[in-house]
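The values are calculated or read from the model by the stated rules, or taken from the named source; none is laboratory data. What you see is a predicted model; the values in this text were computed from it and never measured. Reconstructed Cβ throughout: ideal geometry from the backbone, glycine too, with neighbour counts over all protein chains shown.
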Amino acid sequence: NSYACIFDLDGVIVDTAVYHYKAWKRLANELGFDFSPEQNEALKGISRVRSLELILAWGGVHKTPAEQQELATRKNDWYVAMIREMTPEDLLPGVKHFLEVLKTRGIKIGLGSASKNAGLILERTGVQTLFDAIVDGNTVSASKPDPEVFIKCAEALQASAVNCVVFEDAIAGIAAAKAGDMKVVGIGDPQVLGAADLVIAGLHEMTIEKLFDL
Ligand code: BG6
Ligand code: MG
């Protein structure tokens, strides 16, 4: 039975929220309404289809399922064009170092993300091979706050939930980790992520001591 750290991707390993924002805003603008940074915040951890449903509702626009499919694809094409340009420089501060510390200690490393683009991002930023298991939007049916993504990842890592620590920047993700009976470190604002067991500004503030204290 191993110990494991399971990482969310967007907002924890890389800051892709800005690319999501640009792509969703472009789509909203084409549909004739605007999209604010605050609205983008509310989409953290939320799947692509669900995000589109919310945006269309905010804009007061109705689309058929077929049209929604086309819109989601259009947004994703713009998004992929941006993330394809990512490099190892785009890793958030402290990420590479903390992953290497975990490797040295024999602690398993997993990815638990809602994104269907996780593979591409990990590959572009050069950390793919550090992960022992990758569970993403292509393998999961229930979105966060459902714990499915983290439970599947723990299974793949052969770690029981009590031995897993999840790293999350989204409220929905913290709720998902809690629902899976895992410890969770919030990445961001303690005012927003109060439900986490520990909140830090980024992985550059994480240490092995803080991990064992959990
Ligand atoms: C999450 C992001 O990680 O992935 C969400 O926080 C995003 O904003 C979701 O909508 C799905 O991502 P993708 O890459 O499959 O569109
Ligand atoms: Mg996130």
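Which one of GLU209, GLU155 is surrounded by fewer than 18 Cβ atoms within 10 Å (Cβ to Cβ), assigned to a helix (DSSP H, G or I) and in contact with a strand residue (DSSP E or B) (Cβ under 9 Å, 6 or more places away or on another chain)?
GLU155
Looking at segment 98-133, which of its residues are closer than 22 Å to VAL162 by Cβ, within 15 Å of the chain's Cα centre (by Cα) and not in a loop (DSSP other than H, G, I, E, B)?
ILE109, GLY110, LEU111, GLY112, ALA133
Conditions first: (1) within 16 Å of ligand 2 (Cβ to nearest atom); (2) β-branched (Val, Ile, Thr); (3) modelled with pLDDT of 95 or more. THR73 passes all but one, so which condition is the exception?
The failed condition is (1).
Just one of the numbered conditions (1) in contact with a strand residue (DSSP E or B) (Cβ under 9 Å, 6 or more places away or on another chain); (2) outside any loop (DSSP other than H, G, I, E, B); (3) within 14 Å of ligand 2 (Cβ to nearest atom) is not true of ALA172; which one?
In the conditions (1) in contact with a strand residue (DSSP E or B) (Cβ under 9 Å, 6 or more places away or on another chain); (2) outside any loop (DSSP other than H, G, I, E, B); (3) within 14 Å of ligand 2 (Cβ to nearest atom), ALA172 misses (1) alone.
Regarding segment 142-149, can at least one residue be identified that is part of a helix (DSSP H, G or I), closer than 30 Å to GLU85 by Cα and in contact (Cβ under 8 Å) with a residue 24 or more places away in the chain?
So far as segment 142-149 goes, yes, one or more of its residues are part of a helix (DSSP H, G or I), closer than 30 Å to GLU85 by Cα and in contact (Cβ under 8 Å) with a residue 24 or more places away in the chain.
If I filter segment 169-184 for residues that are of a type in the set (Gly, Ala, Ser), surrounded by fewer than 16 Cβ atoms within 10 Å (Cβ to Cβ) and within 16 Å of ligand 1 (Cβ to nearest atom), do I get at least one hit?
no
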